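Quick notes on the structure that follows.
The values are calculated or read from the model by the stated rules, or taken from the named source; none is laboratory data. Computed from a predicted model, the values in this text were never measured in an experiment. Cβ: placed from backbone, ideal geometry, glycine included. Neighbour counts: every protein chain shown. In case anyone asks, the SASA skips ligands and DNA or RNA and just uses the protein heavy atoms, side chains included. Shrake-Rupley method; radii C 1.70, N 1.55, O 1.52, S 1.80 Å.
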Amino acid sequence: MTVIDFAAFIGRLATSSGDTILPFFRTTLTIDNKQPGRDFDPVTEADRAAEAVMRRLIKASFPQHGIIGEEFGNEREDADYVWVLDPIDGTKSFIAGFPVWGTLIALLHKGAPVFGMMHQPFIGERFSGDNGSATYKGPSGERKLGVRRCAAIKDAVLFTTSPLLMNASDRGIFEKVQAEARLTRYGGDCYSYCMLAAGQLDLVIETELKPYDVAALIPIITGAGGIITTWDGKPAQNGGRIIAAGDKRVHEAAMKILNA
């Protein structure tokens with residue numbers, strides 16, 4: 001099967017997960033901390049229910065495929081085709097009632113992301129890509145996504161979810177890039193990467209990401225003409241310290257600061 005054959009199924013996963021999540025949004029939720037005694041890493045009934053729904057659909061339709069999920073772990077991760085699921089990327093925003101969260105769905109083929117989608121069911125937006133192209137579908141219609149040109153960091157809009165998520169050393173390095181940027185804003189989680197693909201901002205720099213935080217975003221950014229790597233220039237699908245840029249010139253300039 002080709003990636004095109006999977007596109008409709010990925011849409012089913014997005015619809016089913018969204019229908020599962022929305023009844024929980026902006027309601028009184030039971031919130032658990034996945035790291036008690038450490039940083040606050042929340043998980044809700046909505047996270048678990050949405051991932052469970054997607055897993056059931058995948059197992060029923062493609063029992064030979066693997067699954068990597070944030071809430072329920074890994075199954076058959078050495079399979080040729082593996083689904084990478086983050087039911088709610090941006091749970092902290094979700095529990096605060098802000099709609100800057102999304103469901104991330106990636107399809108890996110032999111370890112490489114070949115299709116990705118970010119679905120925001122409350123707003124009704126979907127961002128998808130297959131490395132060759134990327135598409136937006138939402139209240140304003142459907143269109144191709146494309147990054148914007150930006151020749152230098154001094155002209156760049158930079159995003160990170162929060163520098164407080166970085167260790168002290170990485171935060172100090174990030175601040176050197178921030179000092180050069182035209183504008184820096186915090187927040188966004190997966191939305192920042194999608195806005196980069198849409199040509200609304202120029203750089204996203206993060207640390208300590210997991211595979212399910214980033215795998216779905218790679219085909220979207222690459223398909224829109226951008227670049228996403230680790231800080232040391234390696235493929236980004238395993239997570240870690242990540243930099244995404246709309247223009248290769250800004251990526252190169254930021255990399256020089258990150259690795260100075």
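Would you point out the residue of segment 175-192, among those that are open to solvent by less than 80 Å² (accessible area, probe 1.4 Å) and in contact (Cβ under 8 Å) with a residue 60 or more places away in the chain, that is farthest from A96 (Cα to Cα)?
V177
Just to confirm my filter: which strands (runs of 3 or more DSSP E) fall fully inside segment 13-76 and include at least 1 residues that are closer than 16 Å to G97 by Cα and among the aliphatic types (A, V, I, L, M)?
Of the strands (runs of 3 or more DSSP E) lying wholly inside segment 13-76, those with at least 1 residues that are closer than 16 Å to G97 by Cα and among the aliphatic types (A, V, I, L, M) span 31-33, 42-44.
Does D155 meet the test of being among the acidic types (D, E), modelled with pLDDT under 95 and out of contact with any helix residue (DSSP H, G or I) (no Cβ under 7 Å at 6 or more places or on another chain)?
Taking the combined requirement at face value, the residue does not satisfy it.
Scan (1) in contact (Cβ under 8 Å) with a residue 60 or more places away in the chain; (2) crowded, with 21+ Cβ neighbours inside 10 Å for the single condition L158 breaks and write down its number.
Answer for L158: the failing condition is (1).
Being touching a strand residue (DSSP E or B) at 6+ places or on another chain (Cβ under 7 Å) and polar (S, T, N, Q) narrows it down to one of Q237, Q200, so name that one.
After ruling out the rest, the residue left standing is Q237.
Could you go through segment 59-81 and let me know if any residue there is in contact with a strand residue (DSSP E or B) (Cβ under 9 Å, 6 or more places away or on another chain), hydrophobic (A, V, I, L, M, F, W, C) and surrounded by 23 or more Cβ atoms within 10 Å (Cβ to Cβ).
no
With the condition being among the small types (G, A, S), I'd like the helices (runs of 4 or more DSSP H) fully within segment 157-245 carrying at least 2 qualifying residues.
In segment 157-245, the matching helices (runs of 4 or more DSSP H) lie at 168-180, 190-197.
So which of G146, G132 ends up being more than 25 Å from S16 (Cβ to Cβ), in contact (Cβ under 8 Å) with a residue 24 or more places away in the chain and open to solvent by 40 Å² or more (accessible area, probe 1.4 Å)?
Exactly one residue qualifies, and that residue is G132.
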